[in-house]
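One structure below.
The values are calculated or read from the model by the stated rules, or taken from the named source; none is laboratory data. None of the values given here were measured: they were computed from a predicted structure. Because the Cβ atoms are built from the backbone with ideal geometry, glycine has one as well, and the counts that use them run over all protein chains shown.
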């Protein structure tokens, strides 16, 4: 069973509302899945499937010492994975996709 890292769902939602609206779901995903920031920032609409309720992590972004950003596969093969999405998170993800993610 997947458990949030930072407390209850209500606490996560309250904390997430305090963050910049465009990154709200990143906070929720990170807490539930333990995703790294670079993994959250490179999630794509095509990686979200609401019917089997899964999320695919296929890419990551890393910042080099010189400040350049490099997008590529996760650092390890284990970093490329699919995970079940808890049903109560799906409405938030759908709202985020509709508001902030291009089709």
Restricting to the range 89-103, count the residues that are assigned to a helix (DSSP H, G or I) and surrounded by 11 or more Cβ atoms within 10 Å (Cβ to Cβ).
10
In the range 56-78, residue farthest from residue 102 (Cα to Cα) [restricted to those that are at pLDDT below 85 and surrounded by 11 or more Cβ atoms within 10 Å (Cβ to Cβ)]
75
State all residues of the range 19-55 that are exposed (fewer than 13 other Cβ atoms within 10 Å of the Cβ), modelled with pLDDT of 75 or more and part of a helix (DSSP H, G or I); if no residue qualifies, say none.
45, 46
Only residues in the range 58-69 that are assigned to a loop (DSSP other than H, G, I, E, B) count as the first member; pair them with residues that are at pLDDT 90 or above, Cβ under 9 angstrom, at least 6 apart or cross-chain, and list the lot.
59/71; 59/72; 64/70
